[in-house]
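Remarks on the structure that follows.
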Amino acid sequence: MIVDVHAHLGYDEVFERDFSREELLAGHQANGVDVSIVQPSTAIDLPGARERHDAIAALLAEFPGQFAGMACHNPHLDNEAYLGEARRCVRDMGFVGLKLHTLAHALWPASKAGRRVFAVARELDVPVMIHTGSGLPWASPAQVLPIAREFPAVRVVLAHSGTQILATDALAVAQVCHNVYLETSWVPGHLIKAFVRALGPERVMFGSDQGYNVAIELFKYRGIGLTDAELEWVLGRTSVQVYRLRTKPGPS
């Protein structure tokens, strides 16, 4: 079973990149992905975020069981606006997580705005995925440590695991905080293997970040010498458990 925990849809107003529906479907279908967890491209205002969230909900309805949604809207919105949209996405549309994009929204995970994301994730009982790696100082994995400790009941996923330059920091945070998991898009294969050996495959998960990158990321996992049991976890079983997907993992 393959779960891509990090996929995008829509035009990104910060990075000026269109994550098209065609690219998303091609990466998903051509590589045998069972479920892709789709988050919106970055929107600055609430109407833009709602439009992108609605597009994801339409995708879920069109391809039942193949996609899940993750909300991503600006934590700098006023409190009621942020909370209202998060609750709409999770409670009304069945989304399975929240995204905190440290670079795109220019915020520290433990700031007032970042803490709001964690508080609503705890209320809704969904994980928070946090962008780490490019975009210092906001995107340093070390910045996640105090907020992950403050909210031990919230499942925290470090997107990109700090990338290559900060991968050891991401691993250190995960070793200290057992509610932290590592998503490994753009991370070299030897570091992914080191994550699995240090944390166990139950704390590591596959993600592509971009439709054209699905095949590349899968190739990395399959070429680093993991056992079949480890591959079962990192390619799908971990994500199923962390995001509580309705799709059931295969037998162990």
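What to note about this one:
- Of all residues in the stretch 135-167, those satisfying the criterion of being of a type in the set (S, T, N, Q) and out of contact with any helix residue (DSSP H, G or I) (no Cβ under 8 Å at 6 or more places or on another chain) are Q143, T163.
- Residue match in the stretch 35-43 (condition: farther than 24 Å from V156 by Cβ, β-branched (V, I, T), out of contact with any Ser or Thr (no Cβ under 9 Å at 6 or more places or on another chain) and free of Cβ contacts under 8 Å to residues at least 60 places away in the same chain): no
- Single condition V157 does not satisfy, out of (1) touching a strand residue (DSSP E or B) at 6+ places or on another chain (Cβ under 9 Å); (2) in a helix (DSSP H, G or I); (3) β-branched (V, I, T): (2)
- Test result for H53, buried (at least 22 other Cβ atoms within 10 Å of the Cβ), over 24 Å from V234 (Cα atoms) and in contact with a Cys (Cβ under 7 Å, 6 or more places away or on another chain): yes
- Residue in the stretch 209-242 that is surrounded by the most Cβ atoms within 10 Å (Cβ to Cβ), counting only those that are under 21 Å from T132 (Cβ atoms) and charged (D, E, K, R): E217
- Matching residues in the stretch 102-136 - criterion: being of a type in the set (S, T, Y) and surrounded by 20 or more Cβ atoms within 10 Å (Cβ to Cβ): T102, T132
- Residue within the stretch 169-179 that is surrounded by fewer than 24 Cβ atoms within 10 Å (Cβ to Cβ) and touching a Ser or Thr at 6+ places or on another chain (Cβ under 8 Å) present: yes
- Checked against (1) touching a helix residue (DSSP H, G or I) at 6+ places or on another chain (Cβ under 7 Å); (2) modelled with pLDDT under 95, Y82 meets all criteria but (2).
- Selection count, the stretch 177-209, where residues are among the hydroxyl-bearing types (S, T, Y), under 17 Å from V156 (Cβ atoms) and part of a loop (DSSP other than H, G, I, E, B): 2
- Within the stretch 56-68, the set of residues being surrounded by fewer than 22 Cβ atoms within 10 Å (Cβ to Cβ) and either touching a strand residue (DSSP E or B) at 6+ places or on another chain (Cβ under 7 Å) or under 17 Å from H160 (Cβ atoms) (or both) comprises A57, L59, L60, Q66.
- Just one residue in the set G10, G32 is part of a loop (DSSP other than H, G, I, E, B) and within 27 Å of R246 (Cα to Cα); that residue is G32.
- Selection within the stretch 203-219 - within 15 Å of S161 (Cα to Cα) and not small (G, A, S): R203, V204, M205, F206, D209, E217
The values are calculated or read from the model by the stated rules, or taken from the named source; none is laboratory data. Just so we're clear, the structure is a prediction, and the values are computed from it rather than from any experiment. Neighbour counts are summed over all protein chains in view; Cβ atoms, including those assigned to glycine, are modelled from backbone coordinates with ideal geometry.
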